[in-house]
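The values are calculated or read from the model by the stated rules, or taken from the named source; none is laboratory data. Keep in mind that what you see is a predicted model, and the values were worked out from it rather than measured. Cβ atoms come from the backbone with ideal geometry, glycine included; neighbour counts cover every protein chain shown.
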Amino acid sequence: MASDSIALNLVDHGARPIGDRLHDWIVTVDHKKLGILYILYGLIFLVIGGIEALIMRIQLIVPHNHFVSPEVFNRMFTMHGTTMIFFVAMPILFGFGTYLIPLMIGTRDMAFPRLNAFSFWLTAFGGLLLYYSFIGGSGLYGAGEAPDVGWFAYAPLTARAFSPGHSTDFWTLGLLVSGFGSIGTAVNFITTILCMRCPGMTLGKMPLLAWLNLIMGGMVILAISPLTAAQTMLSIDRYLGGHFFDAQAGGSAVLWMHFFWIFGHPEVYILVVPAFAFASEIIPVFSRKPIFGYPVMVGATVGIGFISFSVWAHHMFTVGMSSYGNTFFTVTTMAIAVPTGIKIFNWVGTMWGGKLQLKAPMLFCIGFLFQFLIAGLTGIMLGASPFDWQLSNSYFVVAHFHYVIVGGILFTIFAAFYYWFPKMSGRMYSETLAKWHFWLFLIGFHLTFDFMHIPGMLGMPRRIYTYEPGRGWEIWNLIVTIGMFFQIAGVIAFAFNLLWSAFKGAPAGNDPWDAWTLEWSTTSPPQEYDFAKVPVVRSRRPLWDLKHPEDPDWKYDQ
Amino acid sequence: MSSAAITRPSAEPKWVLPSRGRVGMFSLIAAEAAIFTIFVVAYIFYVGKSLSGPAPKDVLELPIFSTVCLLSSSLTIHLAVRALRNAKVGAFGLWWFVTFALGAIFLVETGREWHHLIFDQGLTVSTNLFGTTYYSLVGLHAFHVTVGLTLIALGLIFALLGKVKPEHGERAEVFSLYWHFVDAVWVVVFTVVYVIGR
């Protein structure tokens with residue numbers, strides 16, 4: 001039967017009209033196609049979110065600029081934040097997970113392929129709903145446009161009195177719909193990883209990427225659901241006249257903050273755990289050593305998963321909590337640095353004494369290591385509540401979390417793109433262009449986000465659309481905006497590299513990196529059925545065993 | 001390199017993994033539990049904080065009958081699943097129908113309670129914080145009962161058409177997990193709304 005389907009596939013390829021092939025992509029339930037759809041969707045929104053950032057940076061390049069109005073500026077920072085978190089970072093990370101998990105655990109598809117497609121299309125429609133607000137946000141009232149309440153949408157800004165029209169509702173609905181998609185994907189990840197592993201792949205022999213996505217799935221389930229609940233409450237307030245967040249009827253604006261951040265802080269780890277997963281797969285391969293401290297890596301990630309649910313109110317130190325609340329959330333925030341630090345030591349331990357190959361994926365991972373360390377250090381600074389009272393809601397905070405999300409997460413996403421591009425497309429990317437991308441983006445990143453800390457410490461608040469001259473902020477804002485242009489140049493090199501290499505790149509072969517996990521044992525790109533024969537594994541590095549029958553891993557570990 | 005070469009020649013113990021349906025359903029239940037937790041927290045946080053009447057103790061009565069119905073439906077769905085596992089399709093249909101009837105009675109009773117609250121007591125979502133939190137929490141639960149009843153009705157139609165076979169026992173059992181969860185949530189909602197909050 002397997003051979004029949006192989007023959008059918010070979011006949012099918014190539015000659016079919018483009019309409020049919022597009023139709024295939026729309027109705028597909030194949031995890032590889034859906035993974036690529038997720039990734040492409042995220043990349044489109046990366047461009048949109050990037051343009052929004054560019055508009056803000058141009059507005060702030062000099063004092064008293066009139067590039068955009070304050071109203072437009074508010075919409076830009078709201079849409080930029082919402083887009084980058086929900087419609088760039090999550091789809092791209094889910095896309096890599098959807099593509100890679102079945103391949104890495106040696107199965108032919110996700111546990112629930114149709115749920116997989118459903119989740120993707122929910123996410124896709126969520127993004128469309130959010131952006132439809134640019135057209136339909138005025139509603140019948142002729143007021144409002146794209147949402148302008150900030151990405152955490154504090155009450156009472158979201159009350160009908162302050163957000164007339166439907167812009168806030170598009171924000172709510174967009175996140176609700178894509179949130180259901182995320183929960184579906186998380187259910188699918190967990191079920192696939194627990195129930196679909198190939199024979200011999202015990203939990204202790206899974207690739208770290210599968211382990212970390214399992215943990216991420218659990219966090220999505222427990223963190224996105226509170227957001228879903230809070231958004232439902234907000235809709236009840238706005239459409240049924242409820243009073244959840246209506247202070248005039250006894251409701252509490254602070255309750256929204258708690259509900260939002262009980263989602264919002266684990267969300268950071270939902271994004272960074274898959275980023276850790278990329279680093280944990282790429283660093284060993286380009287250091288030519290197995291990962292250092294595999295069980296500790298898993299344990300530390302589980303620890304991060306748990307602790308991340310007890311740190312949320314460090315976003316709320318300036319709201320006015322009791323001294324016990326401040327102390328508790330300061331202590332938990334310090335505590336989460338411990339497992340994170342363990343992971344950084346383990347990656348460095350993997351590189352230590354290895355034969356480093358400084359190809360593009362590895363360069364981005366090394367950048368990630370240094371930048372994530374600094375992001376963690378400023379995180380500890382902000383986690384100390386007295387320090388936070390001084391700098392909360394300043395550009396120091398903006399610089400800190402962009403250091404995490406761009407310097408940490410986006411760098412590993414770029415690493416993952418270069419590492420798995422040969423598998424997904426069957427062709428090699430241009431190493432020269434990739435190096436240009438790395439150095440341009442690295443310089444741009446540091447120009448922008450290193451210098452962004454300084455106006456924050458000088459007192460520049462976030463979310464202001466312009467500022468007075470003579471406060472010492474001008475030069476820093478100028479440098480920050482210049483850095484952005486370097487980043488854009490880097491991303492153009494990236495996009496051109498991907499597009500050009502997808503058609504003209506040299507054939508990659510099955511295993512261009514001499515790697516050790518199962519996805520490299522299939523063809524590039526893999527056939528629809530992934531594996532002609534379901535593999536059986538005996539160690540964490542099945543391809544090492546295959547290539548070195550005289551010295552296999554399973555003789556030593558586990 | 002062919003992936004066949006990875007295959008281990010020796011015969012090893014049978015490779016057994018957990019059931020997809022159960023793991024998937026437990027994951028979904030975890031997500032649902034998190035949603036309910038947030039609504040329960042909001043309910044408890046706002047107990048006694050309404051600025052105007054009516055208060056819970058003035059208008060709420062213990063829904064003993066509907067609670068008994070809903071909780072006993074957990075038992076009947078269990079009996080239905082067991083009957084199907086034992087290839088007794090007729091008994092399955094009977095218990096499955098009883099489950100549907102008990103769930104429907106619960107929903108009708110909730111509807112009657114809401115009708116009384118809205119038209120006799122004048123309590124709506126917008127009346128006060130109690131109204132907002134009460135209708136949200138009880139309504140969220142009733143929504144889950146409705147979804148469950150829809151699926152049970154679907155199963156019932158299949159049973160009447162004679163399409164339910166003993167090999168569907170696994171699916172019926174996975175669904176019954178959801179139904180047990182809905183019942184367990186009612187225990188929490190009942191305690192919070194009718195005992196603690198009243």
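Assorted remarks:
- Screening A:L255, A:L234 for residues that are at the interface with chain B (Cβ under 9 Å from one of its Cβ atoms), closer than 20 Å to B:G131 by Cβ and assigned to a helix (DSSP H, G or I) leaves exactly one candidate, A:L255.
- Residue list for the stretch A:232-252, filter: crowded, with 17+ Cβ neighbours inside 10 Å and among the aliphatic types (A, V, I, L, M): A:M233, A:L234, A:I236, A:A249
- Residue within the stretch A:70-87 that is surrounded by fewer than 18 Cβ atoms within 10 Å (Cβ to Cβ), assigned to a loop (DSSP other than H, G, I, E, B) and not hydroxyl-bearing (S, T, Y) present: no
- Residues of the stretch A:200-213 include at least one that is over 27 Å from B:K49 (Cβ atoms), crowded, with 19+ Cβ neighbours inside 10 Å, facing another protein chain (nearest Cβ under 10 Å) and over 17 Å from the mean Cα position of the chain (by Cα).
- Test result for B:E170, in a helix (DSSP H, G or I), within 14 Å of another protein chain (Cβ to nearest Cβ) and of a type outside the set (F, W, Y): yes
- If you go through the stretch A:513-539 and keep only what is more than 10 Å from every other protein chain (Cβ to nearest Cβ), over 22 Å from A:T98 (Cβ atoms) and of a type outside the set (S, T, N, Q), you end up with just A:D514.
- The residue list A:G184, A:G165, A:G150 contains one member that is surrounded by fewer than 22 Cβ atoms within 10 Å (Cβ to Cβ) and more than 29 Å from A:T318 (Cα to Cα), which is A:G165.
- Residue, farthest from the other protein chains (Cβ to nearest Cβ), within the stretch B:110-148, restricted to residues that are assigned to a helix (DSSP H, G or I) and farther than 20 Å from B:F190 by Cα: B:D120
Condition check ((1) touching a His at 6+ places or on another chain (Cβ under 8 Å); (2) surrounded by 13 or more Cβ atoms within 10 Å (Cβ to Cβ); (3) without any contact (Cβ under 8 Å) to a residue 12 or more places away in the chain; (4) more than 9 Å from every other protein chain (Cβ to nearest Cβ)) across all residues:
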residue	(1), (2), (3), (4)
B:G21	no, yes, no, no
B:A31	no, yes, yes, no
B:I38	no, yes, yes, no
B:Y43	no, yes, no, yes
B:G48	no, no, yes, yes
B:P54	no, yes, no, yes
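- Scope the stretch B:47-78; condition part of a loop (DSSP other than H, G, I, E, B) and among the small types (G, A, S); matching residues: B:G48, B:S50, B:S52, B:G53, B:A55
- Taken across the stretch A:543-551, residues that are within 12 Å of another protein chain (Cβ to nearest Cβ), crowded, with 20+ Cβ neighbours inside 10 Å and in contact with a Leu (Cβ under 9 Å, 6 or more places away or on another chain) do occur, with at least one present.
- Scanning the stretch B:132-152 for residues that are surrounded by fewer than 19 Cβ atoms within 10 Å (Cβ to Cβ) and over 14 Å from B:L107 (Cα atoms) yields a count of 1.
- Residue satisfying all of: in the stretch A:378-411; modelled with pLDDT under 95 and of a type in the set (F, W, Y); surrounded by the fewest Cβ atoms within 10 Å (Cβ to Cβ) among these: A:W389
- Condition check for B:T99: in contact (Cβ under 8 Å) with a residue 60 or more places away in the chain, under 30 Å from B:G169 (Cβ atoms) and not aliphatic (A, V, I, L, M): yes
So that you can scan it fast, the table gives a plain yes or no per residue for (1) surrounded by fewer than 20 Cβ atoms within 10 Å (Cβ to Cβ); (2) within 14 Å of chain B (Cβ to nearest Cβ):
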{"position": "A:S133", "(1), (2)": "no, no"}
{"position": "A:P156", "(1), (2)": "yes, no"}
{"position": "A:G174", "(1), (2)": "no, no"}
{"position": "A:C195", "(1), (2)": "yes, yes"}
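- Pair list, Cβ under 6 Å, 6 or more apart: the stretch B:179-198 residue of a type in the set (K, R), other residue modelled with pLDDT under 95 and assigned to a helix (DSSP H, G or I): B:R198/B:P56; B:R198/B:K57
- The single condition among (1) more than 12 Å from every other protein chain (Cβ to nearest Cβ); (2) touching a residue at least 40 places away in the same chain (Cβ under 8 Å); (3) more than 27 Å from the chain's Cα centre (by Cα); (4) at negative phi that A:W476 does not satisfy is (2).
- Selection over the stretch A:237-248 of residues that are facing chain B (nearest Cβ under 9 Å) and under 17 Å from A:L157 (Cβ atoms) gives a count of 6.
- Counted residues, the stretch A:190-216 - those being within 16 Å of A:A277 (Cβ to Cβ) and without any contact (Cβ under 8 Å) to a residue 40 or more places away in the chain: 3
- The set of residues from the stretch A:427-465 being of a type in the set (A, V, I, L, M), in a helix (DSSP H, G or I) and over 16 Å from A:L358 (Cβ atoms) comprises A:L440, A:I443, A:L447, A:M452, A:I454, A:M457.
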